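Peer 1: Below is one structure. I have some questions about it.
The values are calculated or read from the model by the stated rules, or taken from the named source; none is laboratory data. Remember, predicted model here, so these are calculated numbers, not experimental data. A quick note on method: Cβ atoms are made from the backbone with ideal geometry, for glycine too, and the neighbour counts reach across all protein chains shown. Keep in mind that these areas ignore ligands, DNA and RNA; they rest on the heavy atoms of the full protein, side chains included. Shrake-Rupley method; radii C 1.70, N 1.55, O 1.52, S 1.80 Å.
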Amino acid sequence: MVIALFAITSCQGPKGEPGPPGNANVQSATVETVAADWVWDENSCNWYLDLEWDAIDLDMVDYGAVLVYMESPSENFYGWHQLPLTLYPTEQYSATLETVYYDYALTIFWTNSDLQKHENPCTFYNTNLAFKVVLIDASLYSQYQNENLSDYETVEKLFNLSEEK
């Protein structure tokens, strides 16, 4: 017993430097949507998409951060852009993407400026639409509120993101 106690206490040394921020308190996933994923709502005149994820809980929504980025479907506007986002697909109208969070889910709304039923977003752009969802725990989020979290590349580097599939 004395040897075991000696072995335990002798292994302690000075505290090392903190490591780089990890992603234990950050989760991310990329969601690729197809036309069949989008639903038209006649009452609100918009397309919407529901994404369920158990990691989106009330504490995450109320105190942490739920960040959503969309990969631009347009070649002249390439990159990941944080929602809310307004796109100008034609000279006649614009489309605004917004998010609403509720228990374990996220809804992305696609609303056209003229409130008319245009083509399904994936059909209109003739491509699948991709979104990145990043969840940052409240304790970690409070340390990075002065960073530019609207830039996905910054978020990816800050939190050393690895994604769930």
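Peer 1: Just one of V134, V155 is under 15 Å from V61 (Cβ atoms) and touching a Phe, Trp or Tyr at 6+ places or on another chain (Cβ under 9 Å); which is it? Walk me through how you get there before you give the answer.
Peer 2: Values: V155 fails: under 15 Å from V61 (Cβ atoms).
Answer to the selection: V134.
Peer 1: Name the residues in region 56-73 that are surrounded by 19 or more Cβ atoms within 10 Å (Cβ to Cβ) and within 15 Å of E119 (Cβ to Cβ), would you?
Peer 2: none
Peer 1: Next question. Can you tell me which residue is modelled with the lowest pLDDT among those in region 83-99 that are open to solvent by less than 50 Å² (accessible area, probe 1.4 Å) and not β-branched (V, I, T)? Even if it seems obvious, please write down each step before you answer.
Peer 2: First pass over region 83-99, keeping only residues open to solvent by less than 50 Å² (accessible area, probe 1.4 Å): 83, 85, 87, 89-90, 93-97, 99.
From the residues that got through so far, the ones that are not β-branched (V, I, T) too are 83, 85, 87, 89, 93-95, 97.
Numbers: L83: 96, L85: 92, L87: 87, P89: 77, Y93: 82, S94: 89, A95: 89, L97: 93.
It comes out as P89.
Peer 1: In region 56-71, how many are in a loop (DSSP other than H, G, I, E, B) and modelled with pLDDT under 85?
Peer 2: Step one: filter region 56-71 for residues in a loop (DSSP other than H, G, I, E, B), giving 56-57, 64.
Still in the list and also modelled with pLDDT under 85: 57.
Residues that pass the stated criteria total 1.
Peer 1: Also, I was wondering about something else. Just for region 125-165: of the residues that are open to solvent by 30 Å² or more (accessible area, probe 1.4 Å) and in a strand (DSSP E or B), which one is nearest to Y78 (Cα to Cα)?
Peer 2: Checking each candidate, the answer is D151.
Peer 1: Can you tell which of W47, W40, W53 is in contact (Cβ under 8 Å) with a residue 60 or more places away in the chain, closer than 18 Å to F109 by Cα and surrounded by 18 or more Cβ atoms within 10 Å (Cβ to Cβ)? Walk me through how you get there before you give the answer.
Peer 2: Numbers: W40 fails: surrounded by 18 or more Cβ atoms within 10 Å (Cβ to Cβ); W53 fails: surrounded by 18 or more Cβ atoms within 10 Å (Cβ to Cβ).
The unique qualifying residue is W47.
Condition check ((1) hydrophobic (A, V, I, L, M, F, W, C); (2) touching a Ser or Thr at 6+ places or on another chain (Cβ under 8 Å); (3) farther than 21 Å from V39 by Cβ) across all residues:
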| site | (1), (2), (3) |
| --- | --- |
| I108 | yes, yes, no |
| N112 | no, yes, no |
| F131 | yes, yes, no |
| L135 | yes, yes, yes |
| S142 | no, no, yes |
